[in-house]
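As structure tokens, the structure follows; a few thoughts come after it.
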Amino acid sequence: MLDEPFSRGASRLHLADPRCKLAAAMAFAVCVALLRTPGVAAVALALGAALCAWARLPLPRLLRRLAAVNVFVALLWLFLPFSLPGAPLLRIGPVPGLPDWLVLAATDAGVALAVLVTLKSNAIVLAFIALAGTSDVTAVGHAVAGLGLPDKLALLLLFTWRQLHVVAQEYHRLRTAAKVRGFTPGTNLHTYRTYANLAGMVLVRSFDRAERVAQAMRLRGFAGRFHMLAEPAGHPGDRLLAAAIILCAAVLLAADILHPFAKLP
Amino acid sequence: MHISEGVLSPAVLGAGAALAALGVTAGLKRVDYDRLMTVAILSSAFFVASLIHVPIGPASAHLVLNGLLGVMLGWAAFPAIFVALALQALLFQFGGLTVLGVNTFNMAVPPVLCFYAFRPMLTGPSRLRGGAAFACGFLSVGASALLTAVSLGMSGEAFIPAARALMLAHIPVMIVEGVVTALVVSFIARVRPEMLAFTSTAHG
């Protein structure tokens, strides 16, 4: 569950400097988040998909990941089409015996907004997977510090990532122990108590581990800096690559602003 | 519930990012390098707790326990939650870069409030502990859901029905979260009482 399926690979994007990739992902996400025209958002989606294709990411896993991400978008599809005034496309009701306000009408404006949100959301996620997902978390953690965020924050990210696996193992062990003893979850206090004790035990053991690890680090002279074994390669082409992606995102945003039909939903 | 990318309006995204940056900075200031590892491990423990899916009738919800995190960490809950959400974005693409600020703010403000509201009752030998722990879990998840609904609602009239539904859907989650938080606190109080008073050595 905590593996990074997209970080392994040998494409040009995998090899690029994570700092450049993160900067490009950030610029792309911000520009696309500001789009208001479905047409431009569709181009952004195509661009995101092109980046994923370039990174030669495994398609089944990519689609599964996208499906999980789109749960929130699907939730919005339940409401958005019916939430804006406009020309009705589809009418549900009136159902005899039910009050009039239960009549639902999906409008063109509502559907357009839902389409726009779907396109933007998927475009950003695809670009993010292709750019940030192609580096492992450790590389991203170091890149974060390289991009000017506080050192402490980068360290916190790296430590959390390191300990996450240990804590997750602890959790799986306790879970297996519960299962072996015949624990079947249901909606009852016994289930909640079992899960609470399980979570509490994970917290207690993590707390003890934190003490030990902190002592071990102090003993080895930790002074707020992590030494890296492999410095990022820093290919000169990486900056060019990031600049090209940022330029594309800026062009999209400009096209959106200058678009004659651009309107705020 | 994480808001996905590409949904919120630029104003909400910007405000969320700015407020989250303030909170994270305030939190980092209160954590020295010695305690960084403890914050990191607690952050990962809460990340793992969020992998526990608890059945509620036919559906299920994952634990959040952000109220308890706030009681234990105080302002340090801000960077801890920021890091946990950043990892979720990196690993599962839940949330994302542009909404990271808004999501951090929505999830981290209630824990910091819980720290001030419930900590005295949870750490001392109090008869109110059970009730306070329930309120802590119930209210912090409720407040997070409310903040999420408000960020959606402020992004446009069209999102208001969805925001309302989101809030309603969280009511059973709030109850379960309250019950589980109360049980976790009673477990920790029996097993390792000094853990609840963890931040007192470094005044929040």
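The values are calculated or read from the model by the stated rules, or taken from the named source; none is laboratory data. Owing to the predicted nature of the structure, the values given are computational and were not obtained by experimental measurement. Note that each Cβ is placed from the backbone with ideal geometry, even for glycine, and that neighbours are counted across all protein chains shown.
Yes/no matrix, rows are residues, columns are (1) within 15 Å of B:I41 (Cα to Cα); (2) surrounded by fewer than 24 Cβ atoms within 10 Å (Cβ to Cβ); (3) facing chain A (nearest Cβ under 8 Å):
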{"position": "B:S60", "(1), (2), (3)": "no, yes, no"}
{"position": "B:M72", "(1), (2), (3)": "yes, no, no"}
{"position": "B:I81", "(1), (2), (3)": "yes, no, no"}
{"position": "B:L85", "(1), (2), (3)": "yes, no, no"}
{"position": "B:Q88", "(1), (2), (3)": "no, yes, no"}
{"position": "B:F92", "(1), (2), (3)": "no, yes, yes"}
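For segment A:47-66, a residue qualifies if it is part of a helix (DSSP H, G or I) and in contact with a helix residue (DSSP H, G or I) (Cβ under 8 Å, 6 or more places away or on another chain), and the qualifying residues are A:L47, A:G48, A:A49, A:L51, A:C52, A:W54, A:L62, A:R65, A:L66. Among the residues of segment A:3-27, those identified as under 14 Å from the mean Cα position of the chain (by Cα) and either at pLDDT 90 or above or aliphatic (A, V, I, L, M) (or both) are A:L22, A:A25, A:M26. A single entry from B:F138, B:F159, B:F115 fulfils the requirement of being surrounded by 20 or more Cβ atoms within 10 Å (Cβ to Cβ) and more than 14 Å from every other protein chain (Cβ to nearest Cβ): B:F115. Of all the criteria given as (1) closer than 24 Å to B:L90 by Cα; (2) out of contact with any helix residue (DSSP H, G or I) (no Cβ under 6 Å at 6 or more places or on another chain); (3) of a type in the set (K, R), the one not satisfied by A:K152 is (2). Residues in segment A:145-165: is at least one more than 10 Å from chain B (Cβ to nearest Cβ) and part of a helix (DSSP H, G or I)? Looking for residues that are more than 10 Å from chain B (Cβ to nearest Cβ) and part of a helix (DSSP H, G or I), one finds at least one in segment A:145-165, hence yes. When every residue of segment A:166-173 is checked against the conditions, none turns out to be within 11 Å of chain B (Cβ to nearest Cβ), in contact with a Leu (Cβ under 7 Å, 6 or more places away or on another chain), crowded, with 22+ Cβ neighbours inside 10 Å and in contact (Cβ under 8 Å) with a residue 40 or more places away in the chain. What do you reckon, is B:A18 surrounded by fewer than 16 Cβ atoms within 10 Å (Cβ to Cβ) and in contact (Cβ under 8 Å) with a residue 12 or more places away in the chain? So B:A18 fits the description; yes. What are the residues in segment B:1-34 that are farther than 17 Å from B:A84 by Cβ, more than 7 Å from chain A (Cβ to nearest Cβ) and not aliphatic (A, V, I, L, M), if any? B:S9, B:G14, B:T25, B:K29, B:R30, B:D32, listed by residue number. Annotation: A:L62 fulfils all but one of (1) at the interface with another protein chain (Cβ under 10 Å from one of its Cβ atoms); (2) in contact with a Phe, Trp or Tyr (Cβ under 8 Å, 6 or more places away or on another chain); (3) within 25 Å of A:A242 (Cα to Cα); the unmet one is (1).
Set side by side, the residues B:V99, B:V112 differ, and just one is within 27 Å of A:T138 (Cβ to Cβ) and of a type outside the set (F, W, Y), which is B:V99.
Please enumerate the residues belonging to segment A:174-193 that are among the aromatic types (F, W, Y) and either exposed (fewer than 14 other Cβ atoms within 10 Å of the Cβ) or more than 7 Å from chain B (Cβ to nearest Cβ) (or both). Listed by number, the list holds a single entry, A:F183. Being closer than 18 Å to B:V184 by Cβ, within 8 Å of chain A (Cβ to nearest Cβ) and touching a residue at least 12 places away in the same chain (Cβ under 8 Å) is a property that does not hold for B:A45.
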